[in-house]
Structure formats: C-alpha cells, structure tokens
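Working notes, beginning with the structure itself.
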Amino acid sequence: MADIPDELVRLERSAEAERAKLAGLCGAEYDAQWQAWRRAAEAFQAAVTEQSAREGMSRYELEQAVKRAVRRAEEDPAR
C-alpha cells in the first residue's frame, strides 16, 4: 500500500481519542460524548471514502491500513 496520508492518521487518532472518553460516563454525559465520537468517526470515514475514490483503491484496505498504522504508533515503546 502507498503512503498513508497524515490527515487520515490524524482523523483516526481523533476518533479513537473521543471513543476512549466514553469510559466511565453515563446518562447525558455519555450521550454528549457519544455524539462527539460519532462526529469524529464520521469525519474519518468520509475522508477514507474520498481518499480511496481519488486513488482508485479499496476503501476497506485503506481503512484497515490506517487503523494498523495508528495502533502501531500507539504501541511503540520508544514514543
């Protein structure tokens, strides 16, 4: 796979950060945070769709490559 655009990595990290904030919330706080996560996830998904169409590549493969890249960067003990 070609280089993964930094913007896609940034959007996926943002979505994951919003998802992580759901832990321990309930009620109205949970609902508000869930909406924040949803907006971030939708932005990531839209960017993946646009990039894959522009590059003529599999949307699924691009999404999975971005997710792998984000997980690898987060697991890097040198960071």
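Just one of the listed residues (LEU22, LEU11) is closer than 15 Å to ALA73 by Cβ and open to solvent by less than 60 Å² (accessible area, probe 1.4 Å), namely LEU11. Report whether or not ARG39 is basic (Lys, Arg), assigned to a helix (DSSP H, G or I), open to solvent by 80 Å² or more (accessible area, probe 1.4 Å) and at pLDDT 95 or above. Considered against the rule, which asks whether it is basic (Lys, Arg), assigned to a helix (DSSP H, G or I), open to solvent by 80 Å² or more (accessible area, probe 1.4 Å) and at pLDDT 95 or above, ARG39 comes out as yes.
Flag not set for GLU63, criterion: part of a helix (DSSP H, G or I) and open to solvent by 60 Å² or more (accessible area, probe 1.4 Å). Scan the range 48-60 and report the pairs whose first residue is within 15 Å of ARG10 (Cα to Cα) and surrounded by 12 or more Cβ atoms within 10 Å (Cβ to Cβ) and whose second residue is at pLDDT 95 or above and β-branched (Val, Ile, Thr), with Cβ atoms within less than 7 Å and a gap of 6+ or a chain change. What qualifies is VAL48/VAL66. Is it the case, given these coordinates, that ASP76 is modelled with pLDDT of 95 or more and among the acidic types (Asp, Glu)? So ASP76 fails the test.
The values are calculated or read from the model by the stated rules, or taken from the named source; none is laboratory data. Just so we're clear, the structure is a prediction, and the values are computed from it rather than from any experiment. Cβ coordinates were reconstructed from backbone atoms using ideal geometry, including for glycine residues, and neighbour counts include every protein chain displayed. In case anyone asks, the SASA skips ligands and DNA or RNA and just uses the protein heavy atoms, side chains included. Shrake-Rupley method; radii C 1.70, N 1.55, O 1.52, S 1.80 Å.
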